[in-house]
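A quick write-up on the structure given underneath.
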Ligand SMILES: Nc1ncnc2c1ncn2[C@@H]1O[C@H](COP(=O)(O)OP(=O)(O)O)[C@@H](O)[C@H]1O
Ligand SMILES: [Mg+2]
């Protein structure tokens with residue numbers, strides 16, 4: 001199994017984040033390697049999304065640091081994280097329903113001419129390519145995404161991430177949460193294929209079956225704290241569930 | 001690398017393919033567009049009312065009524081253009097009337113005290129943009145409610161206008177300043193010039209630039225836009241400042257036209273502009289609307305008022321009719337949304 005080879009592409013050390021009185025994340029360490037799938041699990045409110053938002057530059061940690069290929073970095077916004085090769089599929093997809101497919105695929109990174117003007121033609125061409133590569137059936141790039149089905153919307157959110165040039169790490173926050181069995185399977189297959197191509201994947205899921213079918217390592221969070229990291233080959237769903245809910249309960 | 005998700009991540013909706021179907025849906029989409037409906041409505045209105053009375057269109061002398069109406073409307077489009085940007089971005093500003101009056105009075109006071117015209121104008125714009133910045137900052141960084149915030153700044157600006165005028169509006173301005181409102185280069189009066197310059201600029205900013213795309217995204221789903229790196233607070237603050245700058249410009253142009261800056265020069269312009277924009281398809285929830293739509297909505301309202309006057313409808317009924325039209329527009333929106341939600 002190709003896992004934990006060489007230097008981690010992305011490292012977090014002592015990451016902490018509070019929202020007012022809520023300590024969403026406390027001193028969490030993690031290593032993300034290319035060519036590997038890291039699953040992050042934990043109860044609702046455990047801090048999984050907060051962690052992904054720190055890794056993708058949406059939030060800045062109150063404490064702790066990030067390293068990309070061994071170099072310390074600061075992601076002051078999500079553009080910086082994107083430039084560092086990190087692509088993210090956010091929880092609940094983060095789509096603008098009243099805008100069309102092309103605009104959603106390139107929201108925040110619109111192709112431009114002379115910096116200010118959106119190159120609409122290039123945007124539409126690139127959008128067709130992205131959707132074509134995913135072999136997803138979306139009839140038009142100019143239809144509002146609010147009119148599409150759950151699976152189509154999901155594929156747009158994923159297409160955003162996979163189409164990012166330079167992506168070395170793709171983070172997916174609950175990518176299968178709103179999908180049926182068959183659609184979920186397709187997303188998991190895609191995750192495995194992305195790994196084969198050398199990309200590092202961080203995937204968040206509540207579904208143990210999904211986690212165990214794709215992950216190389218599993219990181220468990222509970223109430224903002226790191227409980228532990230296990231290699232899939234050296235643990236069981238039982239142990240992971242115990243780590244999620246807290247051993248003292250059992 | 002092939003990122004092939006096969007075709008399972010696809011919709012429940014069958015692929016629409018036949019050209020006949022797509023042509024019909026194109027026609028339906030055109031007729032479903034607010035701008036198209038309003039254009040037809042406006043033309044029909046002109047045709048019908050000019051049958052009822054010649055004074056609407058051409059009597060007593062060549063389109064005089066229409067010209068006066070357009071000049072009045074041009075003044076309002078100065079504010080309409082950035083207001084559409086703000087509304088599309090999901091925000092709202094009540095302070096415009098106050099800012100128009102305040103800027104007119106402040107600039108006027110400086111002028112009658114002999115301050116050079118450029119300095120008086122720049123000071124006016126600074127005062128106006130300060131109000132816009134306060135609005136934007138309060139609403140984004142302090143997360144204050146836009147309605148109440150801009151009601152507050154409206155009263156503050158209006159109070160400043162009244163206080164600075166001290167009961168005697170500044171008047172009798174230098175000729176060069178008056179020409180900013182009264183001049184007519186190439187035979188076109190100044191308010192029309194402002195409209196000719198500002199409206200295409202706004203159309204182009206909203207439809208073609210990155211900033212315009214980000215305005216739509218911010219209004220459509222603020223959180224999603226933020227996650228994808230759109231500087232949503234900056235979008236909002238800039239939009240508020242643009243509205244305030246436009247209000248300031250309007251204030252100075254009114255002062256120049258009237259050669260006097262009354263603290264109550266405008267009263268109700270703000271709500272008329274917002275109503276026009278909403279009739280034109282700007283949703284108050286944000287994310288939807290165009291300058292064209294806003295312009296056609298404002299035109300419809302303006303013609304309605306004007307036709308009521310020409311036809312001798314009492315002023316009480318005039319405002320009543322406007323209210324009904326606004327309710328119909330908002331109601332049509334709600335109905336369309338419900339149909340989409342349940343369909
Ligand atoms: N923007 C925010 N403002 C305030 N509290 C937040 C915010 N984001 C997350 N939280 C809180 O932080 C905790 C962790 O949330 P989250 O990271 O979304 O958990 P998870 O994704 O594991 O369900 C929760 O208690 C949540 O309410
Ligand atoms: Mg979450």
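The order of the peptides A:38-45, B:112-119 by mean Cβ neighbours within 10 Å, most packed first, is A:38-45, B:112-119.
Were the residues from residue A:193 through residue A:245 laid out at 0.36 nm apart, the gain over their Cα-Cα distance would be 15.6 nm. Over the protein assembly as shown, dividing the summed -39,500 (n - 2.57) contributions of all DSSP H runs of at least 4 residues by the number of residues returns a 222 nm mean residue ellipticity of -18000 deg cm²/dmol.
When peptides A:126-132, B:129-135, B:51-57 are sorted by average Cβ neighbour count within 10 Å, with the highest value leading, the order is B:129-135, A:126-132, B:51-57. Using a 7 Å offset from Cα along Cα-Cβ at residue B:184, what residues in region B:241-259 end up with backbone N under 16 Å from the label point? Residues B:257-258 qualify, since their backbone N sits under 16 Å from the label point.
Shielding of peptide B:92-100 by partners, expressed as the average count of other chain Cβ atoms within 10 Å per residue Cβ, is 0. Quick one: go through region B:199-229 and flag any residue whose amide nitrogen is under 14 Å from the point 7 Å out along the Cα-to-Cβ line of residue A:97. It comes to B:220-224, nothing else. Within the listed set B:141, B:178, B:231, the residue fluctuating most in the Gaussian network model of chain B (springs between alpha-carbon atoms under 10 angstrom) is B:141. Short-range pairs are left out: with C-alpha atoms under 8 Å and at least six residues apart, the relative contact order of region A:159-239 is 25 percent. Largest GNM mean-square fluctuation among A:31, A:97, A:119, using chain A with Cα springs under 10 Å: A:119. Nearest 0.05, what FRET efficiency do residue B:148 and residue A:234 give at R0 = 51 Å with Cβ-Cβ as r? The pair residue B:148/residue A:234 has a calculated efficiency of 0.30. Label-to-label distance, residue A:63 versus residue B:321, with points set 7 angstrom from Cα along the beta-carbon direction: 7.0 nm. For the residues A:125, A:183, A:196, a GNM of chain A with alpha-carbon springs under 10 Å puts the largest fluctuation on A:125. Does chain B classify as rounded, prolate or oblate by the C-alpha gyration tensor (a ≥ b ≥ c root eigenvalues; a/c under 1.5 gives rounded; else a/b over b/c gives prolate, otherwise oblate)? Since a/c reaches 1.5 but b/c is at least a/b, the shape of chain B is classed as oblate.
Multiplying the residue separation of residue B:314 and residue B:58 by 0.36 nm and removing their Cα-Cα distance gives an extension gain of 89.9 nm. Counts of other chain beta carbons within 10 angstrom of each beta carbon in peptide B:214-227 average 6. For region A:1-117, the relative contact order comes to 24 percent (Cα pairs under 8 Å, sequence separation of at least 6). Counting only DSSP beta bridges with both residues in the protein assembly as shown, the antiparallel share comes to about 60 percent. I need the calculated FRET efficiency for the pair residue B:259 and residue B:67, taking r as the beta carbon distance and R₀ as 22 Å, to the nearest 0.05. Approximately 0.60, to the nearest 0.05. Would region B:96-249 count as rounded, prolate or oblate if I go by the C-alpha gyration tensor, calling it rounded below 1.5 in a/c and otherwise prolate when a/b exceeds b/c, oblate otherwise? Judged from the Cα gyration tensor, region B:96-249 comes out oblate (a/c at least 1.5, b/c at or above a/b). Across peptide B:185-197, the mean count of Cβ atoms from other chains lying within 10 Å of each residue's own Cβ comes to 0. Available extension along the chain between residue A:165 and residue A:133 is 10.1 nm, counting 0.36 nm per residue and deducting the alpha carbon span. Nearest 10 degrees is fine. How inclined is helix A:150-162 to the longest principal axis of chain A, computing both from alpha carbons? It is inclined by approximately 80 degrees.
Taken together, the values in this text are just the output of simple stated rules run on the coordinates, not laboratory data. Keep in mind it's a predicted model, so treat the numbers as computed, not measured. Using ideal geometry, Cβ is built from the backbone for each residue, glycine included, and neighbour counts are taken over all protein chains shown.
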